[in-house]
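Bear in mind these aren't lab numbers, they're just calculated from the coordinates by the rules spelled out. None of these values were measured; they are calculated from a predicted model. We place every Cβ from the backbone using ideal geometry, glycine too, and count neighbours over all the protein chains shown.
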Amino acid sequence: MSQIPADLRYTRSHEWMRTMPDGTVEIGITDHAQQSLGDLVFVEVPEAGRKLTAGDACAVVESVKAASDVYSPLTGEVVAGNPGLATKPELINKDPYGEGWIMRLKPSGGAAAESFDAAAYEAVVAAGG
Amino acid sequence: MPYIPHTQDDVRAMLDRIGVPSIDGLFDEIPVALRVESLPGVPDALTEMEVSRLAAQRAAADGSPLNFIGAGAYEHHIPAPVWALVTRGEIYSAYTPYQAEASQGTLQIMYEYQSMIAGLAAMDVSNASLYDGASALAEACLMAVRAHRRSKSARILVPDTVNPVWRRVASAITEGQGLRLETLACDPATGRIDPAALAALSGEDITALVVPQPNFFGQLEDADALTRWARANGALVIAAVNPVSLAVMKPPGEWGDGGADIACGDAQPFGVPLSSGGPYVGFMACRMEHVRQLPGRIAGRTVDAEGKPGFTLTLQAREQHIRRAKATSNICTNQGLLMSAATIHLALLGPAGLERVARACIARTSELVAALTQLPGVRAAFPGPRFHEAVLKLDRPVAPVLEALAADGIIGGFDLARDYPAMGDALLVCATETRTRADIETYARALGAVQGRAAVA
């Protein structure tokens, strides 16, 4: 059973969002996503300054058996990609909701992906989504 | 890998298992209106005897002329063991088997090939081959755009001293994908890119600069200065190199300050006969930091569950069977057969043997240029160092001269009129280690006879 913290928002494509005190949003992939991928061997994070529209592929997570895109849940500008993932992609496996964050985004309003609270996301996972 | 055809019984058993009455039944979902029942313009099948006769006639039409054309594909001596080994049943397939690790020998050949290419180019890592030099250049341009994440322009500077066929192929493959390949004109006095001429572009967002070495005219570019300019201006460097030349010249990995990012070219000079234009085999190598953007298969060395050494396909997550539409390319190892020939050829030559070949090419071309430029109305177009090709300027149009030489059984070179009309009556000639002094004298006598006739306007 994967962890689904109650204080975060989630997407159907298994990203999580955490709104920071300064209004930026931290984004990563869920515990369920990292378990499905297996041991990560490479992560490509977006560069600061990149402008994203909700639904854009913004990062790549590569495991020993698959490579997947991570999609931006929001529209906005990348404030930072997690620099630690370049040398330690396993941070996502060990701490998907903490040290394994992928990027911080400054939302500009506009389009956003459908998102869920923890209970609704748990139902998405349970339904095999 | 043995070829095991299915028997009628095998086919019947498989169809019965999935409940389909016939092979045609597998294609039921294709509407009848979309099916092509016959192929107009395609002749009926011939018998083996008829095919043999036709092929022999066509082969005889080539004759066995004395060849002085290079222009991207080069006649080299291929030691007899190369194709004796490559055509053995264990190797005689273009493809990596689907269960790649079951074919350790195939993977080891790929690994050895990659090691040799990476060593020659002084790069960290090589893939297991591409189609040919032209598509390798296209793939290198696409790779540079993927690898250079800060550059937004997808602008690639391509000197007009790059093989014009390669440039056309690279444009055809990349322009539909949003790349902008911009031609950079060479200095007409030297036949090289003047690094100072790049100053006008300094500070612009340029994704990559292609540096040909030697260039299409056989001249040596100032690869160090060009690489330094690219680095200073935040552009990646794509080296388009002749692999034989690497035996005696500074490899791309050591150019300028920090070396090229990607090296590519045609490995045809290693064990692959000219064969009326192909198939040839492309190579590509890069620095480790770009390895995830490198297209194609890569064999790696590893240990199995019992700790025994072995070979495996590695970094497959970049590839089409996993990443689908977002794969780095749709290249596999379909040049595996030619890659095997290149590997065996290089293994037979060794570093010292390859260096002898390269030095012989340079010496023969110098002799050829010296002999031909003694004739009236023939001069070398460019000063400066060259590898195994040179541009000659004639005092009359090249095409009729080549026709006259062909009548004497000599392929006199490549007429530059179509691709470089501004150069005037210019002929690109080449002499590899396969051209003897006697060959060169034969050519000089024949060209002398042609030049001795009154020039035709």
Distance in nm between residue B:370 and residue B:39 label points, each 7 Å along Cα→Cβ, equals 5.3 nm
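Among DSSP beta bridges lying fully in region B:81-344, give the percent that are antiparallel, nearest 5.
Details: 14 of 30 bridges.
Roughly 45 percent of the DSSP beta bridges within region B:81-344 come out antiparallel.
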Rounded to the nearest 5, what is the percent of antiparallel bridges among the DSSP beta bridges in the protein assembly as shown? 75 percent
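Mind putting a number on the dipole of chain B about its Cα centre? Charges go on the C-beta only, +1 for Lys and Arg and -1 for Asp and Glu, and I need it in Debye to the nearest 20.
Working: 39 positive and 48 negative charges, 183 e Å.
Approximately 880 debye in magnitude.
Across peptide A:44-54, how many C-beta atoms of other chains are within 10 Å of each residue C-beta, on average?
On the way: counts 3, 0, 1, 2, 0, 1, 2, 0, 0, 0, 0.
Per-residue shielding by partner chains comes out at 1.
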Would you calculate a helix-derived [θ] at 222 nm for chain A, using -39,500 (n - 2.57) for each DSSP H run of n ≥ 4 and dividing by the full residue count, to the nearest 500? -4000 deg cm²/dmol
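What is the mean number of Cβ atoms from other protein chains located within 10 Å of the Cβ atom of each residue in peptide A:62-71, rounded to a whole number? Numbers along the way, then the final one.
Working: counts 6, 1, 2, 3, 4, 11, 4, 2, 0, 0.
Rounded to a whole number, the mean comes out at 3.
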Using the Cα centre as the reference, give the magnitude of the dipole from point charges on the C-beta atoms of region B:81-344 (Lys, Arg: +1; Asp, Glu: -1; all else neutral), rounded to the nearest 20 debye. 700 debye
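Give the value in nm², to one decimal: projected area of the alpha carbon convex hull of region B:301-457, averaged over all directions. Each step should come with its number before you reach the end.
On the way: hull surface 60.5 nm².
The number I arrive at for region B:301-457 is 15.1 nm².
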GluC sites (Glu not before Pro), loop per DSSP, at most 14 other Cβ atoms within 10 Å - longest free stretch of chain B: B:307-457
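Just tell me the longest site-free run in chain A, where the sites are GluC sites (Glu not before Pro) in a DSSP loop having at most 13 other beta-carbon atoms within 10 Å.
On the way: sites that count: A:47, A:114.
That gives A:48-113 as the longest site-free run.
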For the residue pair residue B:32 and residue B:233, what label-to-label distance in nm results when each label sits 7 Å from Cα along the Cα-to-beta-carbon direction? 6.3 nm
Past the 30 angstrom mark, what percentage of all C-alpha to C-alpha distances in the protein assembly as shown do you count? 62 percent
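Obtain the radius of gyration and the Kirkwood radius of region B:207-249 from its C-alpha atoms and give Rg over Rh. Spell out each step's value before the answer.
Numbers: Rg = 10.7 Å, Rh = 10.7 Å.
Expressed as Rg/Rh, it is 0.99.
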Using alpha carbon centers only, region B:1-80 is separated from region A:81-129 by a whole-angstrom value of 51 Å
With charges only on Cβ, +1 for K and R and -1 for D and E, what is the dipole size of the protein assembly as shown about its Cα centre, in debye, rounded to 20? 1060 debye
Given the DSSP H assignment, sum -39500 (n - 2.57) over each helix run of at least 4 residues in chain B and divide by its residue total; what's the result at 222 nm in deg cm²/dmol, nearest 500? -11000 deg cm²/dmol
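Just list whichever of A:65/B:250; A:51/B:250; A:94/B:308; A:51/A:94 have alpha carbons separated by over 32 Å in the model shown.
Values: A:65/B:250 39 Å; A:51/B:250 42 Å; A:94/B:308 30 Å; A:51/A:94 29 Å.
With Cα atoms farther than 32 Å apart: A:65/B:250; A:51/B:250.
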How far apart, in nm, are the 7 Å Cα→Cβ label points at residue B:254 and residue B:99? 4.5 nm
Options B:42, B:188, B:123, ranked by Cα towards positive dipole end of the protein assembly as shown, top entry (Cβ charges): B:188
Farthest toward the dipole's positive end in region A:9-126, which of A:102, A:54, A:42, given Cβ charges of +1 (Lys, Arg) and -1 (Asp, Glu) about the Cα centre? A:54
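Taking the Cβ-Cβ separation of residue A:86 and residue A:111 as r and a Förster radius of 22 Å, what is the calculated FRET efficiency to the nearest 0.05? Intermediate results must be reported in sequence, preceding the final value.
On the way: r = 29 Å, r/R0 = 1.34.
Working from the Cβ atoms, E equals 0.15.
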